[in-house]
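Asker: Questions regarding the structure given below will be posed in turn.
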Amino acid sequence: MKIVVSGFYGLGNTGDEAILDSVIDNLRSELDDPDITVFSLSPAETGKKHNVHSIYRGWRHQFKAKVKALKEADLVVSGGGGLLQDTYPTRIIFGPLPYYLLIVFLAKLVGTKVMFFSQGIGPVTTPYGKALMKVFGNMADYVTVRDQYSLDYLRDLGVTRPEAEVTADIVYAYQMKEDDTAYESLPLTGAEKIVGVSVRPWFEAEEYKKEMASLLDDMVQSHGVTPVFLPMEGHADKQVSEDVQNYMTHGEAAHILPETLTPNQYLQFMKHCEIVVGMRLHSLIFASLHGVPFAAVSYDKKVEALAKRFDLWDYAVSLDDFTKDALLPSVTTLYKKRSTLTPHVETVRDELKSEALRNVHVLQERFRRK
């Protein structure tokens, strides 16, 4: 079976690279020798890492190669991740929403089926974005989304033709490998009580960095923890992590992991954490894969949906409302109750793994050659 995978790949985002790891590994586990092509911004790197065909994802290069790959494929897998949104500037064919939907259109134009795979939908707020979704989103042959919010949002946008179901983020089916490179990269003794921290840029916002610094200072003073930052989108997250550390009074107690680690290495680090305080969705997913309770700072509905799925929304806060005083009582309680919360996190995690594998089972049922 020939499959083209289209997503936010080859751009150094740990969450999206974890998605690609999971998509490829699980397709190979469940299908007989699939022939996989990935559209990537770093095709040589992606091809070598995964032993797949890879084509430059942008419009300026290898356009004919992309069309040829789409035409020869049995199926285009669009996803996973939060591809269908217009948070960032959108122009006629530029920006995430028109890009991914144009791939769908080209696939249908050459007669190839399309599956939206383990996607998170939205936000789509512009009239142009909504029109694109209604026209091109309805061209998909089947849809799986990673939470109920995304399905409701999709239907509200007028994407009603393709059958759709709620599954889970495919990263819940991540095939982990033992690798303690991340932990061993830090000057630790083994006695530290580590709190994992994930922060990210958010437009021009600066105040939340100071609030996070104050929160971590209090945890260092009150509980003797060692904050460790996980820069899950390369230099951008590393810069924000450094900003927070510099705002801290006890910044010397904190560490920042290297920005060059693989998704599996970041994931394996999580087993050393007592709790995680995070903005990035996949930092929280990584934590839960090891049964680690988390406090979410939600900048997007996808983060809120995840926290609610784990019954951890009481320990979370929206980014708009985030201050040290707003989150500190919750984080303190989370830290004290972490051992009692872990079994529940593990139970929900196991449920989500089964739902994540449903993405691949749907693909088999609907699209595998007879």
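Asker: Would the stretch 115-136 turn up any residue that is at pLDDT 95 or above, of a type in the set (Lys, Arg) and in contact with a strand residue (DSSP E or B) (Cβ under 6 Å, 6 or more places away or on another chain)?
Answerer: No - not one qualifying residue is present in the stretch 115-136.
Asker: Here's a follow-up. Would the stretch 199-216 turn up any residue that is under 20 Å from Pro187 (Cα atoms) and β-branched (Val, Ile, Thr)?
Answerer: Scanning the stretch 199-216 turns up no residue that is under 20 Å from Pro187 (Cα atoms) and β-branched (Val, Ile, Thr).
Asker: A further question follows. Looking at the stretch 237-255 only, could you name the residues that are in contact with a Ser or Thr (Cβ under 8 Å, 6 or more places away or on another chain), under 17 Å from Gly278 (Cα atoms) and assigned to a helix (DSSP H, G or I)?
Answerer: Correct list: Asp237 only.
Asker: Just to be sure, is Ala326 surrounded by fewer than 23 Cβ atoms within 10 Å (Cβ to Cβ), assigned by TED's automatic domain parsing to the domain that holds Gly224, within 14 Å of the chain's Cα centre (by Cα) and among the aliphatic types (A, V, I, L, M)?
Answerer: no
Asker: State which residue is surrounded by the fewest Cβ atoms within 10 Å (Cβ to Cβ) when the search covers only the stretch 210-233 and only residues that are of a type outside the set (A, V, I, L, M, F, W, C) and part of a loop (DSSP other than H, G, I, E, B).
Answerer: Once the filter is applied, the top-ranked residue is Gly224.
Asker: Tell me whether the stretch 192-204 contains one or more residues that are farther than 27 Å from Gly12 by Cβ, surrounded by fewer than 23 Cβ atoms within 10 Å (Cβ to Cβ), more than 22 Å from the chain's Cα centre (by Cα) and of a type in the set (A, V, I, L, M, F, W, C).
Answerer: no
Asker: List every residue pair whose Cβ atoms lie under 6 Å apart, where the two residues are 6 or more positions apart in sequence or sit on different chains, the first residue falls within the stretch 241-270 and is not assigned by TED's automatic domain parsing to the domain that holds His50 and at pLDDT 95 or above, and the second residue, located anywhere, is in a loop (DSSP other than H, G, I, E, B) and of a type in the set (Gly, Ala, Ser).
Answerer: Within 6 Å, the pairs are Gln245/Ala254; Pro258/Ser185.
Asker: Of the residues Val276, Val303, which single one is under 28 Å from Gly10 (Cα atoms), among the aliphatic types (A, V, I, L, M), touching a helix residue (DSSP H, G or I) at 6+ places or on another chain (Cβ under 9 Å) and not in a helix (DSSP H, G or I)?
Answerer: Val276
Asker: Would a scan of the stretch 201-210 turn up a residue that is over 17 Å from Asp320 (Cβ atoms), modelled with pLDDT of 95 or more and of a type outside the set (Gly, Ala, Ser)?
Answerer: no
Asker: If we scan the stretch 284-298, do we find a residue that is surrounded by fewer than 21 Cβ atoms within 10 Å (Cβ to Cβ) and closer than 22 Å to Val166 by Cβ?
Answerer: no
Asker: Can you tell me which residue is surrounded by the most Cβ atoms within 10 Å (Cβ to Cβ) among those in the stretch 167-191 that are aliphatic (A, V, I, L, M) and farther than 21 Å from Glu17 by Cα?
Answerer: Checked the stretch 167-191; the qualifying residue surrounded by the most Cβ atoms within 10 Å (Cβ to Cβ) is Leu186.
Asker: While we're looking at this one, here's another question. I need every pair where a residue in the stretch 19-38 that is in the same structural domain as Ala65 (by TED's automatic domain parsing) and closer than 17 Å to His53 by Cβ has its Cβ under 7 Å from the Cβ of a residue that is among the basic types (Lys, Arg) and at pLDDT 95 or above, sequence separation at least 6 or different chains.
Answerer: Close Cβ pairs (under 7 Å, with a partner that is among the basic types (Lys, Arg) and at pLDDT 95 or above) amount to Pro34/Arg28; Asp35/Lys2.
Asker: Against the condition touching a Phe, Trp or Tyr at 6+ places or on another chain (Cβ under 9 Å) and β-branched (Val, Ile, Thr), how does Val317 come out, does it pass?
Answerer: no
Asker: Can I ask one more? Within the stretch 314-362, track down each residue that is of a type in the set (Asp, Glu) and outside any helix (DSSP H, G or I).
Answerer: Of everything in the stretch 314-362, nothing turns out to be of a type in the set (Asp, Glu) and outside any helix (DSSP H, G or I).
The values are calculated or read from the model by the stated rules, or taken from the named source; none is laboratory data. If you're wondering where the values come from, they're calculated on a predicted model, not measured in any experiment. Methodologically, a virtual Cβ is constructed for each residue, glycine included, from the backbone with ideal geometry; neighbour enumeration extends over all protein chains shown.
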